[in-house]
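Chemist: This is the structure I have questions about; it appears just below.
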Amino acid sequence: MSAPSSEPRTDSGVVAQTPSAAHRRTLMGYLTVPVILGLVCLGLFIYVQSRDLDSIEQRSLNVGSITEALQEHIVLTAVSTLVTLIIAVPLGVLLTRPLTRRVRPFIIGVLTILQAVPTIAILVLLAVAFLFLGFQAAIVGLVLYAIIPVLLNTMVGLEQVDANVLEAGRGMGLSKMQVLRRLELPLAVPVILAGVRTALVINVGTATLVTYINAGGLGDIIVAGLSTNRVLVQIVGAALTAVLALLIDYIAGIAEDFLRPKGL
Amino acid sequence: MTQTTNSTPSVSGSDPSVMIRLEGLTKRFPGQKVNAVDELTMDIHEGEIVVLVGPSGCGKTTTMKMINRIIEPSSGRIILKGQDVTTTNADDLRRRIGYVIQQVGLFPHMTIGQNIATVPRLIGWSAERVRNRVDELMTMVNMDPDEYRDRYPKQLSGGQQQRIGVARALGGDPSVMLMDEPFGAIDPITRDRLQNEFLRLQSEVRKTIVFVTHDIDEAIKMGDRIAILQEGSRIAQYDTPEQILTAPANDFVKDFIGSGASLKRLNLSRVSEIELSTWPTVTNEDSHERAHELLAASDHSAVLVLDDEGRPVRWAGADDLRRGSGKRLDQVGSVPQAVIEPRATLSDALNELVTARYAVTVVVDERGRYQGVVDIDQINETIRSMRSSAVAEARTEFASEGADPAQGSS
Amino acid sequence: MGFLEFLVKRADDMLELGIAHAVVVGAAVIIATVLGVALGVLTYRHERARDLTLALTGSFLTIPSFALFILLLSPLGLGWRPVLLALVLYGLLPVVRNTITGLRGVDPAIIESAKGMGLNRRQRLLRIELPLAWPVIITGVRVTTLVLLGIAAIGAIVNGPGYGELIFTGLARVGTPVAVNLVLSGAVGVMILAVLFDLIFYAVQRLTTSRGIR
C-alpha cells in the first residue's frame, strides 16, 4: 500500500488490546472507566444483599471466599505476566537480530497460527498428561499462552524502529550494544509497554480457567455456580472477573500513558 | 497584446471567449482572521494557459481549488462558460474539469487503463468509446498503450506517472483543466521534457488551463498569461509573460521576477524565430588550402567542417590545420559540442554558448544538418528589441486605456 | 490406544465437531467483519466517535471469554447462541481498528484526485478508499479468526459447538488413559482448522487485493 499505516500492529497479526486512541485523555476520560466499574460492583452488591441466599450460594458469595479468589487471581496474573515478560522480551530482541532476518517471516507466521491453540487445551493437557496441577502448573500454562502475543508485539515493535535512526546511531560511532541499549530499546518502549498490557489482559482472562487445574482464582466462583446450578453465583463470578479485567487494563493503560518516553 | 485585466473588468458576461470568470471570489478558513483569497475577480480565456504564480501562502492553490470546488468559496461566484456553477452539483462540475495535482494521485489498485477510464465511465461512455479514448490519450502523452495499459502505477517512474496523470485528467475531454504544480515533484531534466511535451499536447487540444506554480521560470515557459498573486490572492499583475518581464507593474512583480528578468525573457523566444548568423564552412572533401583561404578571409579563428549530409563534424582552427596537414578535414580539430535544434529557446542557446569552444552555438535541423550559428551579439540584440517593443506596446495601451490608475490590484 | 488410532476411530466425531467449530467461527467472523467494517466506515472521519468505538469494542476484548460466555448464558441459554455472540463481540475490535487504520492510511492525494474527478462520496468509498484499505482490513480479520478458533473451544462450557467438547470431556476423565487422547484430539482439531482457515484467508487475500497494491 502506498500509505504506511501508523499503527505497527495492524499488519503484524497481533490481536491485542491496544486502544492507542487514548493518547490525550481528559480528566473525564480518566474517570469514566472507574466510575462505570464502581457502579457495576455497587449494583451487584446491592442485588446480592437484597436476595435471600441459600446455603450453597452463601458458601461462594461471602466476603472471605470472594476476597481469597480475588487475591489468588491477582497473584496469578501478576506472576504469570512477570514471567511472560522475562521470557518474551529478551527472546523478542534475540529474534530481531540480523542473524534471524531470513527466518523471521516464518517464525512470525508460525507464532501467529499458534495463537489459535485453545488456552484451555494447554491447561487441561498439563493436568491430564502430566498430572501437573496447582499454582505452578497454572503459571506454566498462562505463560505458555501469553508468550506468543507479547513476543510478536516485541518483534514487530523492534522491527519498526526507524532504520535511519539506527544508521545515524551507528554512524556516530555507537557500538551494536550501545545502539540497542540507547536507541532501539528506548524507541521500542511504547511497544514493550503495549506488550505488558497485552500480557496482563490475556493472563487475567486465562487465569479464570485455572480453576480447572485446582489453582483457584475467580474461576472458582463461576465453576462453583455452574456445578451447583446457581445462576446468581455464576453471574457474580463472571461479573467480578470482567470488572477485574477491565480495571487492570485501565490501570495498565494509564501506566502506559505516563511511562511512554516523551516525544513518542 | 490586446487586453490586460489588471483592473476589475466590467462584468457583462457576454464575452464568449471567457471560459472561466471568477467574481469577487473569497475564502476565509475557519479560525483565521484574514481571507486566504480576498475578493478575487478575473477572467480566463478559452484555450489559454493561465498560470497563477506567487510566493507560498499567497492563496494561489486555494484559488485554483475553488474553481472545481474542492474548496468551497465563502463568497463570490464562479462562472463556467457563462453558467454560474457556484452552487450546482460539485461532482458534476468536477467531471467537466480535468484535475492534475503534484502528487499525481493515481489510484494504485487500478491499472493505467482503468485510471484513465475513470471519468469516461462515470459519465457513461460506451465500453468501446472508453477503450479508444484510453488508447488515444496514452498515445497523446507518449506512452505506448499496448505496453502500459495493463500496468499498475507503482510500475511506472515519476515522470511516467505524471504523464498518466495528465492523460487521466483529459479522460472525459473536459474543456477546462486545473493543474496544481504538476511537475513540481519531478527531477529537473524530466520536468523540462514533460513541460515541452505538455506544450506540444496543448497546441493540439487547446484546453483552457489554470496552472499553479511557485516557480516564475515555469510560469514564463508555460503561460499564455500569468497572474502574479500577492497575499490574499490579490492580483499584482495579470498579463502575458512578455509584458510581465518587460513592464512589471510594480515593485512586488519586479522583486518576484528577480534579477534575472532579461535572462528569463530568453525563455520566450525560440532559435527558429531569430535570424541565424553564418559561419565559414567546408566539407570533408575540401582541401586544406580552401580551409586556410576561408580562415584568412574571415575574422573567425576556425572553420566548421561538414560531412556529406551537411552535418557539422569538426571545428578546425589554423593550428589544427597545421598539425593535421595531410589528413582529411574531418580528421582534424575538435568535435562540436554545442549543437541545438531550432525548437530550443534562446535560453538553451545561451547555455550552450557560454561553454562552447568558439563562443557560438551551432544550429542544426531535425536531421542534424547545419543551419547557422547563434552568437552572443544576437542574443543581446534580441533582448534589446524585446524590451523596446514591449515598452512601446505598454505605452500604447496605457494611452488607449486612458491612464487607468487602478494598476496592480483588483 | 495410541493417539493416531484414537483419531482414526473417532474420525466421524472429529469431522462433525470440526464442521460445527468451523461454522460457528466462520459465521462469527463474517458477522464481525460486516459490522466492524460498517462501524469503521461510519466513524473513521470523526475523532470522538472513533475513539468511543475503539474503546467500547476494546473493552469487549478485555472481558475474559469464560466470564463472557457465562454472562451471555442467562439471556441466550445453552448452545451456539452465546458462543456466536461472544465471538462476534471479540472479533469486532480488530476489524474496526484495522478498518479505521486502513481508511485513514489512504493517501490524501489519491482521495483529492478522486474528488477532483467527480467521484461522489459513495463512489470514493466503494471504488477507492475501501479497496485500498482492504489489505489492512483483511489482515485483521485473518488474525482475528485464529484467535476466535481458540476461544470457541472454551464455548463448550455453555454447550457450544466444536472441539471444546473433547477437551472438557477429557478434563472430566483425568487419570483415565483416554483423557490425554481426548484433549489432544481437541487441540489438534483446532490447529488443523487454524491452518485451513489461514490458507483460505491467504487465498481470499490474494484474490481480493489488486495486484497494484500487493
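Chemist: Answer with yes or no whether B:Leu170 is hydrophobic (A, V, I, L, M, F, W, C) and within 13 Å of the chain's Cα centre (by Cα).
Modeler: No, not satisfied.
Chemist: Under 7 Å between Cβ atoms, at least 6 apart or on separate chains: pull out the pairs that start in region B:83-94 with a residue that is away from every other protein chain (no Cβ under 12 Å) and end on any residue that is part of a helix (DSSP H, G or I).
Modeler: Taking only residues 6 or more apart or on different chains, the pairs are B:Val85/B:Leu93.
Chemist: Of all residues in region B:235-279, how many are basic (Lys, Arg) and crowded, with 19+ Cβ neighbours inside 10 Å?
Modeler: Our first condition is that a residue be basic (Lys, Arg); within region B:235-279, this holds for B:254, B:264-265, B:270.
Still in the running and crowded, with 19+ Cβ neighbours inside 10 Å: B:264-265.
The number of residues fulfilling the criteria is 2.
Chemist: While we're here: Do any strands (runs of 3 or more DSSP E) entirely within region B:172-285 hold 2 or more residues that are charged (D, E, K, R) and touching a residue at least 12 places away in the same chain (Cβ under 8 Å), and if so, which?
Modeler: B:234-239
Chemist: Another question, then. Across region C:158-171, which residue is surrounded by the fewest Cβ atoms within 10 Å (Cβ to Cβ) among those that are outside any helix (DSSP H, G or I) and more than 10 Å from every other protein chain (Cβ to nearest Cβ)?
Modeler: Among residues in region C:158-171 that are outside any helix (DSSP H, G or I) and more than 10 Å from every other protein chain (Cβ to nearest Cβ), the one surrounded by the fewest Cβ atoms within 10 Å (Cβ to Cβ) is C:Asn159.
Chemist: Limited to region A:115-149, what total is found for residues that are in contact (Cβ under 8 Å) with a residue 24 or more places away in the chain, under 27 Å from C:Phe197 (Cα atoms) and facing chain C (nearest Cβ under 8 Å)?
Modeler: Residues meeting the conditions: 5.
Chemist: Just checking, how many residues over region B:83-111 are over 26 Å from the mean Cα position of the chain (by Cα) and under 20 Å from C:Gly212 (Cβ atoms)?
Modeler: Residues that pass the stated criteria total 5.
Chemist: With respect to B:Asp187, determine if the residue is within 18 Å of C:Gly116 (Cβ to Cβ) and in the same structural domain as B:Met140 (by TED's automatic domain parsing).
Modeler: Criteria not met by B:Asp187.
Chemist: While we're here: I'd like to know if region A:208-216 contains one or more residues that are in a helix (DSSP H, G or I), closer than 17 Å to C:Ser59 by Cβ, within 12 Å of chain C (Cβ to nearest Cβ) and under 18 Å from the mean Cα position of the chain (by Cα). Give the steps one after another, and end with the answer.
Modeler: First pass over region A:208-216, keeping only residues in a helix (DSSP H, G or I): A:208-213.
Checking the rest, the ones that are also closer than 17 Å to C:Ser59 by Cβ come to A:208.
With within 12 Å of chain C (Cβ to nearest Cβ) added as a condition, the list becomes A:208.
Keeping just the survivors that are under 18 Å from the mean Cα position of the chain (by Cα) gives A:208.
Yes: one or more hits.
Chemist: Can we say A:Ile87 is at negative phi and within 13 Å of chain C (Cβ to nearest Cβ)?
Modeler: no
Chemist: Which of (1) part of a helix (DSSP H, G or I); (2) farther than 15 Å from C:Asn98 by Cβ; (3) among the basic types (Lys, Arg) does C:Arg50 not meet, given it meets every other one?
Modeler: If we test C:Arg50 against (1) part of a helix (DSSP H, G or I); (2) farther than 15 Å from C:Asn98 by Cβ; (3) among the basic types (Lys, Arg), just (2) comes out false.
Chemist: Next up: Just to check your reading of the model, which residue among C:Ile200, C:Ile154 is within 15 Å of the chain's Cα centre (by Cα), away from chain B (no Cβ under 14 Å), surrounded by fewer than 22 Cβ atoms within 10 Å (Cβ to Cβ) and part of a helix (DSSP H, G or I)?
Modeler: After applying the criteria, what remains is C:Ile200.
Chemist: Continuing with this model, one more query. For region B:70-86, how many residues are within 15 Å of B:Arg21 (Cβ to Cβ), charged (D, E, K, R) and out of contact with any Asp or Glu (no Cβ under 6 Å at 6 or more places or on another chain)?
Modeler: Total satisfying the criteria: 2.
Chemist: Taking the criterion of being free of Cβ contacts under 8 Å to residues at least 60 places away in the same chain and charged (D, E, K, R), would at least one residue in region A:186-200 satisfy it?
Modeler: Quick first cut of region A:186-200, residues free of Cβ contacts under 8 Å to residues at least 60 places away in the same chain only: A:188.
Next cut, charged (D, E, K, R) only: none.
There is no residue in region A:186-200 that is free of Cβ contacts under 8 Å to residues at least 60 places away in the same chain and charged (D, E, K, R).
Chemist: Further, regarding this structure: When only residues in region C:172-187 that are in a helix (DSSP H, G or I), surrounded by fewer than 21 Cβ atoms within 10 Å (Cβ to Cβ) and not small (Gly, Ala, Ser) count, which is nearest to the other protein chains (Cβ to nearest Cβ)?
Modeler: C:Val180
Chemist: Right, another one. Which condition number in (1) part of a helix (DSSP H, G or I); (2) away from every other protein chain (no Cβ under 13 Å); (3) over 14 Å from the mean Cα position of the chain (by Cα) is the one that C:Arg45 fails?
Modeler: It is condition (1) that C:Arg45 fails.
Chemist: Sticking with this one: Which residue out of B:Ile123, B:Ile97, B:Ile112 is closer than 20 Å to B:Ile49 by Cα and either surrounded by 19 or more Cβ atoms within 10 Å (Cβ to Cβ) or in contact (Cβ under 8 Å) with a residue 40 or more places away in the chain (or both)? Spell out how you get there, then give the answer.
Modeler: Details: B:Ile123 fails: closer than 20 Å to B:Ile49 by Cα; B:Ile112 fails: closer than 20 Å to B:Ile49 by Cα.
After ruling out the rest, the residue left standing is B:Ile97.
Chemist: Out of region B:69-94, which residues are in contact with a Gly (Cβ under 6 Å, 6 or more places away or on another chain) and buried (at least 22 other Cβ atoms within 10 Å of the Cβ)?
Modeler: B:Arg94
Chemist: Out of C:Thr145, C:Thr139, C:Thr101, report the one residue that is at pLDDT 90 or above and at the interface with another protein chain (Cβ under 8 Å from one of its Cβ atoms).
Modeler: Going through C:Thr145, C:Thr139, C:Thr101 in turn, the sole match is C:Thr101.
Chemist: Could you go through region C:48-55 and let me know if any residue there is among the aliphatic types (A, V, I, L, M), in contact (Cβ under 8 Å) with a residue 60 or more places away in the chain and surrounded by fewer than 23 Cβ atoms within 10 Å (Cβ to Cβ). Spell out the reasoning first.
Modeler: Step one: list which residues in region C:48-55 are among the aliphatic types (A, V, I, L, M), which gives C:49, C:52, C:54-55.
Still in the running and in contact (Cβ under 8 Å) with a residue 60 or more places away in the chain: none.
So far as region C:48-55 goes, no, none of its residues is among the aliphatic types (A, V, I, L, M), in contact (Cβ under 8 Å) with a residue 60 or more places away in the chain and surrounded by fewer than 23 Cβ atoms within 10 Å (Cβ to Cβ).
Chemist: On the given criteria, is A:Thr154 in contact with a Gly (Cβ under 6 Å, 6 or more places away or on another chain) and either at pLDDT 85 or above or not small (Gly, Ala, Ser) (or both)? Steps first, answer last, please.
Modeler: Working: in contact with a Gly (Cβ under 6 Å, 6 or more places away or on another chain): yes; either at pLDDT 85 or above or not small (Gly, Ala, Ser) (or both): yes.
So A:Thr154 passes the test.
Chemist: Filter region C:188-197 down to the residues that are crowded, with 21+ Cβ neighbours inside 10 Å and at the interface with chain A (Cβ under 7 Å from one of its Cβ atoms) and list them by number.
Modeler: Scanning region C:188-197 gives C:Val190, C:Ala194.
Chemist: I need the helices (runs of 4 or more DSSP H) fully contained in region A:93-188, keeping only those with at least 2 residues that are surrounded by 13 or more Cβ atoms within 10 Å (Cβ to Cβ) and under 17 Å from the mean Cα position of the chain (by Cα).
Modeler: Because the criterion is at least 2 residues that are surrounded by 13 or more Cβ atoms within 10 Å (Cβ to Cβ) and under 17 Å from the mean Cα position of the chain (by Cα), the helices (runs of 4 or more DSSP H) in region A:93-188 that meet it are A:104-114, A:119-130, A:135-159.
Chemist: Could you list, in sequence order, all residues of region A:44-70 that are closer than 16 Å to A:Val223 by Cα and either buried (at least 16 other Cβ atoms within 10 Å of the Cβ) or of a type in the set (Val, Ile, Thr) (or both)?
Modeler: Across region A:44-70, the qualifying residues are A:Ile56, A:Glu57, A:Ser60, A:Leu61, A:Ile66, A:Ala69, A:Leu70.
Chemist: Can you go through A:Ala199, A:Ala224, A:Ala242 and tell me which one is part of a helix (DSSP H, G or I), buried (at least 21 other Cβ atoms within 10 Å of the Cβ) and within 10 Å of another protein chain (Cβ to nearest Cβ)?
Modeler: Just one listed residue meets the conditions, A:Ala242.
Chemist: Pick from C:Ala114, C:Ala11, C:Ala38: which is among the small types (Gly, Ala, Ser), farther than 30 Å from B:Leu106 by Cα and either crowded, with 23+ Cβ neighbours inside 10 Å or more than 12 Å from every other protein chain (Cβ to nearest Cβ) (or both)?
Modeler: It is C:Ala11.
The values are calculated or read from the model by the stated rules, or taken from the named source; none is laboratory data. Please read all numbers here as calculations on a predicted model, not as lab measurements. Cβ sites come from the backbone with ideal geometry, for glycine too, and all protein chains shown count toward neighbours.
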